[in-house]
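Here the structure comes first, spelled out in C-alpha cells, and everything after it is commentary.
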Amino acid sequence: MSTTGKNAKNFIVAIDQEKVEPDLAKETVIKYDPLNRSGKEGGFYLTDEGELHIENEKVMEAHKMAINKYPHDDAIKLIRLDREFGDKIHQFGENSFRLYGLPEPQEGRVVGILGRNGIGKSTALKILSGQVKPNLGEADKNPGWDQVMKRYRGTQLQDHFKDLSNDNVNAAFKPQQVDKMPELHRGKVKGFLEQKDERGVLEEVSAQLDITQILERDMSELSGGELQRVAIAATLVRDASMYVLDEPSSFLDVRQRLNIAEIISNMGDEREVLVVEHDLATLDLISSTTHLFHGEPQAYGMVSNSFSTRQGINQYLDGYLQTHNLRIRDDSIKFDRAKRSQVENKAEVIEYPRFNKSFGNKEFSLDSEPGSIHEEEILGILGENGVGKTTFAKMLAGGIEPDHGESPEKSISYKPQYLQAQDKTVEQALKKHVNPEEKRFKTRISEPLELEELFDQNLEELSGGELQRVGVAICLARDADIYLLDEPSAYLDVESRVELGKTLKRFARKTGKPLLVIDHDLLLMDYIADRAIIFSGEPGKKGTATQPMRIEEAMNRFLKQMDLTFRKDPDTGRPRANKPGSQKDQKQRKRNEYYEQ
C-alpha cells in the first residue's frame, strides 16, 4: 500500500452496493469526500455501472465525515485495521514486545482467552497471577501500584491490582507444555499431587479426572493425555483465589475434554478461573465469557472487551470485531464441509488385513477390521486415548508385529504425539531429511508453516507450537508411501490449525500420497478428513477398530459413542458441542443426528 496521509493503512471501507443509491451517494459521500473537496485524486467515485468505490490505499480517518453524511446505516462502513494503539500495560524493554490491555477475571464465571501464539496471552496471565508486575510500558522506571491502579480506575482490574499489591491474590497456574513435567518432577504421581493438595480434595479430584489408577505410577511413564490430567489435578487441588489453565485440552480425547470442561466450569461457579484454549469446541463448553487477543506476534498484543463465548469465537473467525469496528485478519476462517475429495474413486495405495494383537494375559489387546487407503486420501483416526490408535498405526508401519495379519510392505513417515527437543537448530534438524532451500519444500511445507523465521533457533528454545510445526515439516519432508501424524494440532493456535489443515490437504492432493491423522480436535478432523476409522473399547484393556467410512458417517457414529451432540453454527459453519441436556441436544438425539449436517 502507498502512504497517503497521516492515517494511511489504518482504515479500509466496506460498501454494500445493494444499499447504495448512486444519486444519493453523489450528493453526500462523494460531495463531502475530503480528497474530492480539495481537488486531489483518489476520493469516492461512481463507476460506469453506478457502483460506489474508493481505493483502500486512499482511505483515511477523515473520510468518516463523508460516510456519515450517507443516511442509510451500514451501507458504507469505515473499518479500522488492526494496529498498535492505546495504553500499554507492559513492555519488556526498548523495541521489545508490548501488551495493551488485560482480560478481566470475574468471580463466578470462567473467562476464556483466545488468540494467536506469541501475542501476549501468557504475559497477561503472568501479570494477573502476580508473576510479573506491570510497568505500564516504562521498563526502566518500574511504576508503583498506585499508578497501575489509577490507570484502571473504575474497573474490576483496579480491585484486582489492589489485591495484588496487598499480596491477596493466590494463583494456581497450569502450564502449557505438560510433556516437560517429568523433567521437573520426578517420582510417583501420588507424591507429586500430595505436595500440591492444599484443599484436601486429592481423592475427589483424582476420581473426577479419572487418574486414580495411575497414582502409583512414575511421572516418567505417563502418556501426554495422562500428564495433562495430572497437571490439571495439580492445579485444581491448590487452595487458590484464581485458577489459570493454559491449554487444558491438549492430548486429551473428546470424552476427557467434555469431562474437564464440566469440572472447570463448576470451579468457575465459586472462584476466578481463566482458561487459554485453542480447541474451539472445548472453549465453547468451558467458558461463559471470552476475551480476544490480536496484534502482531512477537511485536505487540491487544486485548478486546469481553464477549459471550459464541459471539467472541465467531467474530474471531470472521476476523472482524464488530463492536470494536476493527479488522484483525485479512481473511475470515470458514468451515466448508461441501468440498470433500471422492477418494474412493482414486487408486488404492495400500490394502491391509484384519489385525489382531495381544500384549499378554490381562494386558491390552486390539482387533481391527481390514481396509484400504487411497491416493490423495486423508484418513482420520478417531477414538479415546488408550484404545489402540497408535498400536494400529505401528502395526501398519511394521513397528509392531501383529499376532494375526501381516503388515503391508510400505514405508511410513511417522510424527509422534510429542517431540523430543534436541540441542541443534531447526535448520540442522531439517537438513537431515530435506534441503530447506528446495523450492517444492519451501512452497508446500516451509512457507505455510512459517518455518524460515525459526531456522536459526535451537530446538530446545522453541515453544510447544513452534516445535509442533517443525515436527510436522520433518514428517512431510521424508520420502514415504504413507504419512502418519499423531496429534499434529497440539499447542497450535487457531490460525496455525487452519494453516496446518490447508497444508495437509494441499500435500495429499499435490503428491497423491495418503495421510493418516490421529487428532482429538473435531473441528480440524471435520475440516481435513475424507474418511475415518473409529476406535472403541476399554482404555488400557482392549480396543476394536472399524473399516474406513465416510467422514460424515464416522463423525455421527463416533459422537454417539461419546454420548455428545454437535450442531452446525449458522454463521460460520463450525461444529459446536451442544450443552448436554439442552433443547438442541435432545432434538438431535431423537433424530439420531449426533453430528448435524
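Structure data summary
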| quantity | calculated |
| --- | --- |
| The one condition in (1) in contact (Cβ under 8 Å) with a residue 40 or more places away in the chain; (2) touching a helix residue (DSSP H, G or I) at 6+ places or on another chain (Cβ under 9 Å) that Lys133 fails to fulfil | (1) |
| Any chance Asp479 is under 28 Å from Pro408 (Cα atoms) and surrounded by fewer than 23 Cβ atoms within 10 Å (Cβ to Cβ) | yes |
| Unmet criterion (only one of (1) among the aliphatic types (A, V, I, L, M); (2) farther than 29 Å from Met555 by Cβ; (3) open to solvent by less than 10 Å² (accessible area, probe 1.4 Å); (4) in contact with a helix residue (DSSP H, G or I) (Cβ under 7 Å, 6 or more places away or on another chain)) for Ala240 | (4) |
| Members of the stretch 248-283 that are of a type in the set (Val, Ile, Thr) and either closer than 17 Å to Leu523 by Cα or open to solvent by 10 Å² or more (accessible area, probe 1.4 Å) (or both) | Val254, Ile263, Thr282 |
| Pairs, first under 21 Å from Ala508 (Cα atoms) in the stretch 378-393, second in a helix (DSSP H, G or I) and among the aromatic types (Phe, Trp, Tyr), C-beta under 9 Å, six or more apart | Ile381/Phe392; Leu382/Phe558 |
| Per-region count, the stretch 380-438, residues within 24 Å of Lys541 (Cβ to Cβ), more than 30 Å from the chain's Cα centre (by Cα) and in a loop (DSSP other than H, G, I, E, B) | 7 |
| Pick from the stretch 206-232, criterion in contact (Cβ under 8 Å) with a residue 40 or more places away in the chain and of a type in the set (Val, Ile, Thr), ranking: nearest to Asn266 (Cα to Cα) | Ile232 |
| Of all residues making up the stretch 523-564, the number that are within 25 Å of Gln586 (Cα to Cα), of a type in the set (Gly, Ala, Ser) and either within 25 Å of the chain's Cα centre (by Cα) or open to solvent by less than 20 Å² (accessible area, probe 1.4 Å) (or both) | 1 |
| Residue within the stretch 358-367 that is within 21 Å of His520 (Cβ to Cβ) and surrounded by 21 or more Cβ atoms within 10 Å (Cβ to Cβ) present | yes |
| Strands (runs of 3 or more DSSP E) completely within the stretch 270-377 that count 1 or more residues being over 26 Å from Asp493 (Cα atoms) | 348-352, 355-358, 365-368, 371-374 |
| Selected residue [within 26 Å of the chain's Cα centre (by Cα) and among the basic types (Lys, Arg)] from Lys180, Lys188, Lys196, Lys162 | Lys180 |
| Single unsatisfied condition, Leu462 versus (1) more than 27 Å from Glu348 (Cβ to Cβ); (2) open to solvent by less than 20 Å² (accessible area, probe 1.4 Å); (3) among the hydrophobic types (A, V, I, L, M, F, W, C); (4) modelled with pLDDT of 90 or more | (4) |
| Lone qualifier among Ser206, Ser250, Ser220 - being within 25 Å of Asp519 (Cα to Cα), small (Gly, Ala, Ser) and in a loop (DSSP other than H, G, I, E, B) | Ser250 |
| Pair list, Cβ < 7 Å and 6+ apart or interchain, from the stretch 363-377 residues that are closer than 16 Å to Asp403 by Cβ to residues that are open to solvent by 20 Å² or more (accessible area, probe 1.4 Å) and among the small types (Gly, Ala, Ser) | Phe364/Gly540; Ser365/Ser358 |
| Hits in the stretch 509-522 (condition: buried (at least 23 other Cβ atoms within 10 Å of the Cβ) and part of a helix (DSSP H, G or I)) | Leu522 |
| Subset of the stretch 286-320 [of a type in the set (A, V, I, L, M) and open to solvent by less than 20 Å² (accessible area, probe 1.4 Å)] | Ile286, Leu292, Met302, Ile313, Leu317 |
| Neighbours by Cβ (under 8 Å, 6+ apart or cross-chain): first from the stretch 182-193, under 14 Å from Gln213 (Cα atoms); second open to solvent by 30 Å² or more (accessible area, probe 1.4 Å) | Lys188/Glu216; Lys188/Arg217; Lys188/Asp218; Val189/Glu216; Val189/Arg217; Val189/Asp218; Lys190/Glu216 |
| Selection status of Leu184, open to solvent by less than 60 Å² (accessible area, probe 1.4 Å) and either of a type outside the set (Ser, Thr, Tyr) or modelled with pLDDT under 90 (or both) | no |
| Residue identified as under 24 Å from Met302 (Cβ atoms), open to solvent by less than 20 Å² (accessible area, probe 1.4 Å) and either among the basic types (Lys, Arg) or touching a strand residue (DSSP E or B) at 6+ places or on another chain (Cβ under 7 Å) (or both) among Lys141, Lys121, Lys133 | Lys121 |
| Filtered residues of the stretch 420-448 (kept if open to solvent by less than 40 Å² (accessible area, probe 1.4 Å) and closer than 17 Å to Cys475 by Cβ) | Ala421, Val426, Ala429, Leu430, Val434, Pro436, Phe441, Ile445, Ser446, Pro448 |
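The values are calculated or read from the model by the stated rules, or taken from the named source; none is laboratory data. In this text the structure is predicted, and so the values were computed from the model without any measurement. With ideal geometry, Cβ positions are generated from the backbone for all residues, glycine too; neighbour counts draw on all protein chains shown. Remember, those area values only see protein heavy atoms, side chains included, never the ligands or the DNA or RNA. Shrake-Rupley method; radii C 1.70, N 1.55, O 1.52, S 1.80 Å.
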